[in-house]
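Peer 1: This is the structure I want to talk about, given as structure tokens.
The values are calculated or read from the model by the stated rules, or taken from the named source; none is laboratory data. Remember, predicted model here, so these are calculated numbers, not experimental data. Ideal geometry is used to build each Cβ from the backbone, glycine not excepted, and the neighbour counts take in all protein chains shown.
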Amino acid sequence: MHFLSTIPQTLAMIWLFYLLISLGLISGYQNEATNANNKVISIGAIIDVNSRIGKEQQVALDIAAQSYNSTSRTYKLALYFRNSTKDPLRAITLVEEMIYKQKVQVIIGMHKWSEAALVAEIGSQAQVPIIAFAEPTITPPLMTERWPFLVRLANSSTTYIKCIADIVQTYNWQRVVAIYEDDAYGGDYGMLALLSEALQDVGSMIEYHLVLPPISSLHDPGGLVREELLKLWQTQSRVFIVLQSSFEMAIHLFKEASKMGLVDKESVWIHPESITNLLDSVNKSSISYMEGALGIKTYYSENSTEYQDFEAQFRKKFWPKNAEEDNRYPGFYALQAYDSIKIVTQAVDRMAGRNTSSPKNLLREILSSNFLGLSGQIQFEDGQLLQNPILRIVNVAGRSYKEVCFWSQQHGFTTNLPIGQGGYNVAGNTKCFNGVRWPGDLKHDPKGWKMPTKQNPLRIAVRNRTSFSKFVNYDQNKKIYSGFCIDIFQSVLPLLGYDLPYQYYPIDGTYNDLVQLVYNKTYDAVVGDMTILEERMQYVDFTVPYAESGLSMIVPSKSEESAWMFTKPFTWELWMVTGAILIYTMLAVWYLERESNPEFHGNWKSQISTALWFTFSSLFFAHREKMSCNLTRMVMVSWLLLVLILTSCYTASLSSMLTVKQLQPNVTDIQWLKRNNMKIGCDGDSFVRSFLEKVENFKPENIINVTDEYNYDGAFKNNSIAAAFLELPYEKVFISECCNRYIGFTPRTRFGGLGFMFQKGSPLARDVSKAILHLSEKKAELKRLEEKWLITSPASCSNVTSDDTDSLKLRSLWILYVISGATSTICVLLSAIQSLVKSCHQCQAVAPEGNDTPSDHKVWEKVITHAKQIFNKKINNSSEAQEQVVTDCSLRWDRVNMTVSPEHQQEMASPLPGILMLPSPPPEVQMTTHDLGITNTSK
């Protein structure tokens, strides 16, 4: 065979050689090897020589064997080819023949796992290493123990599935359709399970999966594919993922789908690695039906010298043997075949260096391979190819394709070849996909959904009867809808950025019936007052809420008429603190003015009444009493500031209470309703009834269905119900229409709000949600529509949503009370300290004489102080006092010498012995009585 590659031969010789190969004869390398004196390594190859993949692999194996035989001096390779059939059981006969007749030491091939598993079973029993190009979708347990001689030279399916899921996540497609060709043994069902799990991780799901039978079993593949594709018209998703398929089946699939309009605008097609890897080698006319599809293929370098040499040899050898093929370039499977021979030859060379040649040693050396091959890094762990391949995303355009971006498990999508460590970049990374040519030459990213058209508009279900007509109102005569919800939907449509044909369909049913109609795809959407609930979101998708929702209790109100209305402006705590600070200020004023101000003289009752009147009168008008102390003036400044703010707040609050009619509810507690078995009303068509029964535990017989907004008022008047439970938007409408007759309580339970409903996975829900947010944030259109439809009464009719009064609380003014109390306290303390200092100075003016002790002086000081207090009191009570002494607030008294009669002195001194029995006074004590201005000297 070697001389055939160097010496030109005639065309007849070429065709004769091809005939021998196709019949499965022994390769010419075997004859060359047996004629030499080298040891022969026999390698069996089970491939489909009639397929494009098999033809590439056969040529690649020949090139690899020839390259080794031309350089090796120890071993020579002999290749034995066997044609793989569509029946995996046929592989058992082929492998037994090669093992027991040709005595092969290694077997290479098998692209289907069902075939590889059977061959591995026999190879493990005969202890012959099996290098398979297949990998199970889900690795069976104890695989290495079951098939110890199996070596899998293939990438894991999980890598391919993860890449597909990332593409789906990038464009936020919520639903996909999975398509695969069955291998007649159910082997591809595991890949469907992997895809379903991967899509769930990115918030998507498989809406429908289409299983195609093996193309080998079909007489009319095109007709069967066409019949199966008709089932896809019932699905809403237009994201079609081909998980596994032969190239022949893929051609029929895309051809029939193009004729049916499934490869059109807003659709997405993703074909598998087994198809994409052949785009380099198949006829260009075969891929024209895949226009706009995305493909995934394994990346390999085409810049190395080894690859360029291999490509040159491949192109030179492939065309003479396969003249019917118009593409002479090698694909990925040819590179895999070339690397498989290199794995064996390197293992054989290592065995030669160790002088070992047993099958187990050969297997050990194969599994220890570690080199960079044409298909990528070759390294094994537990019999599996250990690598994280880099995948390329390609886009079919015309009769060719273009590379879009790279993907790897470490980096996600990148525009350049990922090298080293990097951050994972997947969600929303549409930058890598710029320039993709989508089916139908779509200019924007496809929705991946069956979008409405003028021929098939969006089917919108709307209730033809609602309990509150301001939300949705259906005019049966004109066949038109109006209301708050309808206006919002009409305002959303211009903001979508694309035309959305639609048609309303009146539905006479409950809200749960509408959910079921959208779930079973009878209708595409619901526009109306639909409340977003967790239970409903399991079956349908909602937009963001355009109105808040919560359960409010409505009860009749009664006017608040009380003789104690004047006390309402302040809470009882504020009243008590005000009274306390009033008394405290009164005592402070009395203490500061009692000695220096004549108006505060007299008996105790007179002094207290004067101080109280002085302080209390400052609440209403200026007092007539004069203040003789500066500290008193400071106390009054802080007090008057407090009084000024208190009177202003009181006047404003009382005026508001008298102007706005105060309403009080008849019922304030849900528990009271349940304890007394009171009847309540609600909309029986909504979820509220079941909520009251299951969550609030109302008895079903106590719940009355009220179907119209105008029936609530009548039910209250005839005492059919004691309370009504309405959602918050309905409560606003009801309260505004029934001004000052009912009260709505602040909702204790909040729900998701009111929103529009779409089929699960519909991209319209996301687009409409963005438009609603735009209306709310930038245009304030939602607020305008709410005021137009829901709030039609003046502000004076607004309801009381809480049973708390509007009384002014202590926490609003506490700082003023602290300032007033602190000022009074400081002034009193300053006055007391000043008095104490003055008394000490006066006592020091009396010099002690004789043998009196210090203790005697202290006693006499106490006596003198007490005597001054008594004389001060007596003179204040006497109407015969000749002169009053005026002092300033600092308690400095001017000494006035008065001439007192001896009788008066006797009268002044007579009470002293009766008060306290004391020792004789010192020889000379000067006693100064400031209150009287008397100086007495005793010797």
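Peer 1: In region 422-439, is there at least one residue being closer than 30 Å to Glu786 by Cβ, at pLDDT 80 or above and not in a loop (DSSP other than H, G, I, E, B)?
Peer 2: No.
For every residue, the table says whether it meets (1) surrounded by fewer than 17 Cβ atoms within 10 Å (Cβ to Cβ); (2) within 19 Å of Pro439 (Cα to Cα); (3) acidic (Asp, Glu); (4) touching a residue at least 40 places away in the same chain (Cβ under 8 Å).
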site	(1), (2), (3), (4)
Arg175	no, yes, no, yes
Leu195	no, no, no, yes
Gln200	yes, no, no, no
Glu207	no, no, yes, yes
Ser216	yes, no, no, yes
Glu227	yes, no, yes, no
Ser237	no, yes, no, yes
Ile241	no, yes, no, yes
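Peer 1: Can you tell me which residue among Thr144, Thr139, Thr170 is surrounded by fewer than 23 Cβ atoms within 10 Å (Cβ to Cβ), closer than 26 Å to Leu195 by Cα, in contact with a strand residue (DSSP E or B) (Cβ under 9 Å, 6 or more places away or on another chain) and not assigned by TED's automatic domain parsing to the domain that holds Gly376?
Peer 2: Only one candidate passes the filter, namely Thr170.
Peer 1: I want to confirm something. Restricting to region 84-101 and keeping residues that are under 10 Å from Leu118 (Cβ atoms) and free of Cβ contacts under 8 Å to residues at least 40 places away in the same chain, which single residue is surrounded by the fewest Cβ atoms within 10 Å (Cβ to Cβ)?
Peer 2: Leu89
Peer 1: Criterion first (outside any helix (DSSP H, G or I) and within 21 Å of Leu764 (Cα to Cα)) does Tyr474 satisfy it?
Peer 2: Against the criterion (outside any helix (DSSP H, G or I) and within 21 Å of Leu764 (Cα to Cα)), Tyr474 does not qualify.
Peer 1: Could I ask something else about it? How many residues, within region 357-404, are closer than 17 Å to Ile108 by Cβ and small (Gly, Ala, Ser)?
Peer 2: 4
Peer 1: Can we say Cys485 is in the same structural domain as Gly261 (by TED's automatic domain parsing), buried (at least 17 other Cβ atoms within 10 Å of the Cβ) and not in a strand (DSSP E or B)?
Peer 2: In short, no.
Peer 1: Restricting attention to region 486-508, which residues are closer than 24 Å to Leu728 by Cα and in contact with a Ser or Thr (Cβ under 9 Å, 6 or more places away or on another chain)?
Peer 2: Within region 486-508, Val492 is the sole residue that qualifies.
Peer 1: Quick one: would you say Lys255 is surrounded by fewer than 20 Cβ atoms within 10 Å (Cβ to Cβ), farther than 30 Å from Thr85 by Cα and in the same structural domain as Ile215 (by TED's automatic domain parsing)?
Peer 2: So Lys255 does not fit the description; no.
Peer 1: What number of residues in region 330-366 are in a loop (DSSP other than H, G, I, E, B) and loosely packed, with under 15 Cβ neighbours inside 10 Å?
Peer 2: So the answer is 4.
Peer 1: If I ask for residues that are touching a Ser or Thr at 6+ places or on another chain (Cβ under 8 Å) and in a helix (DSSP H, G or I), which ones from region 104-125 would you list?
Peer 2: Answer for region 104-125, where residues must be touching a Ser or Thr at 6+ places or on another chain (Cβ under 8 Å) and in a helix (DSSP H, G or I): Trp113, Glu115.
Peer 1: When region 172-198 is examined, which residues are found to be out of contact with any Lys or Arg (no Cβ under 9 Å at 6 or more places or on another chain), at pLDDT 90 or above and in a helix (DSSP H, G or I)?
Peer 2: Once the filter is applied, which keeps residues that are out of contact with any Lys or Arg (no Cβ under 9 Å at 6 or more places or on another chain), at pLDDT 90 or above and in a helix (DSSP H, G or I), region 172-198 yields Leu195, Ser196, Glu197.
Peer 1: Every residue in region 483-507 that is small (Gly, Ala, Ser) and modelled with pLDDT of 90 or more, please.
Peer 2: Gly483, Ser491
Peer 1: When you scan region 495-532, how many residues do you find that are outside any loop (DSSP other than H, G, I, E, B), touching a residue at least 24 places away in the same chain (Cβ under 8 Å) and not charged (D, E, K, R)?
Peer 2: Filtering region 495-532 down to residues outside any loop (DSSP other than H, G, I, E, B) leaves 495, 502-507, 511-519, 525-531.
Within this subset, residues satisfying the condition of being touching a residue at least 24 places away in the same chain (Cβ under 8 Å) are 495, 502-507, 511-512, 514-515, 517-519, 525-531.
Next cut, not charged (D, E, K, R) only: 495, 502-507, 511-512, 514-515, 517-519, 525-528, 530-531.
The qualifying residues number 20.
Peer 1: Only residues in region 553-564 that are modelled with pLDDT of 65 or more count as the first member; pair them with residues that are outside any strand (DSSP E or B), Cβ under 6 angstrom, at least 6 apart or cross-chain, and list the lot.
Peer 2: What qualifies is Met553/Phe745; Val555/Asn666; Val555/Val667; Pro556/Asn666; Pro556/Phe716.
Peer 1: Would you mind telling me which numbered condition in (1) more than 60 Å from the chain's Cα centre (by Cα); (2) modelled with pLDDT under 80; (3) in a helix (DSSP H, G or I); (4) surrounded by fewer than 18 Cβ atoms within 10 Å (Cβ to Cβ) Ser655 fails?
Peer 2: (1)
Peer 1: A further question on this structure: Hand me the list of strands (runs of 3 or more DSSP E) wholly inside region 670-759 holding 2 or more residues that are at pLDDT below 90 and more than 24 Å from Asn473 (Cα to Cα).
Peer 2: Values: elements: 680-682, 703-705, 723-727, 742-744, 754-759.
Qualifying strands (runs of 3 or more DSSP E): 742-744.
Peer 1: For Asp499, state whether it is of a type in the set (Asp, Glu) and under 33 Å from the mean Cα position of the chain (by Cα).
Peer 2: Judged against the criteria, Asp499 is a match.
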